[in-house]
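Shown next, in structure tokens, is the structure this report addresses.
The values are calculated or read from the model by the stated rules, or taken from the named source; none is laboratory data. In this text, all values refer to a predicted model and were calculated from it rather than measured experimentally. Here the Cβ is made from the backbone with ideal geometry for all residues, glycine too, and neighbour counts use every protein chain on show. When the accessible area is computed, the model is the full protein with side chains, heavy atoms only, and any ligands, DNA or RNA have been set aside. Shrake-Rupley method; radii C 1.70, N 1.55, O 1.52, S 1.80 Å.
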Amino acid sequence: FFFFSHDKKFIIKTMYSTELKVFLEALPKYFEHLKNNPNSLIARIYGVFKVEMEDIETVNLLLMANTIRCNSS
């Protein structure tokens, strides 16, 4: 699932555990790429969060910049 912030600047994406594992493995190269290419068009990822609540399945969330602005109708 994807959720947008009210101003459409950010996207919150839910992640399966397998997606999280792949992301964490790629993270060092992602960081290095952005460090060496500050004008890269790759979306900026600001954080990964795990939400745990009683009696509800754990949810992994990825917070990232929205690189495609949508006009609200």
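Given the rule -39500 (n - 2.57) for each run of at least 4 DSSP H residues, summed and divided by the residues of the chain, what is its mean residue ellipticity at 222 nm, to the nearest 500 deg cm²/dmol?
Using -39500 (n - 2.57) per qualifying helix, the result is -9500 deg cm²/dmol.
Roughly speaking, what is the stretch gain from Ile42 to Phe2, that is 0.36 nm per residue apart minus the C-alpha to C-alpha distance, in nm to one decimal?
Additional length available on full extension: 12.6 nm.
Just to check I understand the Karplus step: with θ = phi - 60° and J = 6.51 cos²θ - 1.76 cosθ + 1.60, what whole-Hz values come out for the range 35-41, glycine and proline as x?
These are the phi-based 3J(HN,Hα) values: 5, 7, 9, x, 9, 4, 8 Hz.
Which listed residue (Asn39, Val51, Phe2) has the Cα farthest towards the positive end of the charge dipole for the chain, taking +1 on Lys and Arg C-beta and -1 on Asp and Glu C-beta about the Cα centre?
The Cα lying farthest towards the positive end belongs to Asn39.
Residues of the chain: accessible area per residue at 1.4 Å, in Å²?
85
Give me a comma-separated list of calculated 3J(HN,Hα) values for the range 49-65, in order, Karplus coefficients 6.51, -1.76, 1.60 applied at θ = phi - 60°, integers in Hz, x for any Gly or Pro.
Each residue's phi maps through the Karplus curve to give 10, 10, 9, 10, 9, 4, 6, 10, 4, 4, 10, 9, 10, 10, 9, 9, 6 Hz.
Given the options Leu63, Leu27, Leu41, which has the most mean-square fluctuation in a GNM of the chain, springs set between C-alpha atoms less than 10 angstrom apart?
Leu41
Taking the Cα centre as origin and putting +1 on Lys and Arg beta-carbons and -1 on Asp and Glu beta-carbons, what dipole magnitude results for the chain, to the nearest 20 debye?
I would put it at about 520 debye.
Pop out the carbon and sulfur fraction of the accessible area of the chain as a percent, whole number, probe 1.4 Å.
Reported share for carbon and sulfur atoms: 61 percent.
Can you give me the long-range amide H partners of Asn66? Hydrogens built in the peptide plane at 1.01 Å from N, cutoff under 5 Å, separation of 5 or more residues or another chain.
Long-range HN contacts for Asn66: Phe10, Ile11.
Where in the chain is the longest stretch that carries no chymotrypsin sites (Phe, Trp or Tyr not before Pro) classed as loop by DSSP and with at most 16 other Cβ atoms within 10 Å?
After excluding every exposed loop site, the longest remaining stretch is 17-73.
Of all GluC sites (Glu not before Pro) in the range 7-73, which ones are in loop regions per DSSP and have a Cβ with at most 14 other Cβ atoms within 10 Å?
Answer in residue order: Glu54.
At 0.36 nm per residue, and after removing the present C-alpha to C-alpha distance, how many nm does the segment from Lys9 to Leu61 gain when stretched out fully?
Full extension of this stretch gives 17.1 nm more.
Using only the Cα atoms, what convex hull volume per residue in Å³ does the range 5-56 have?
102
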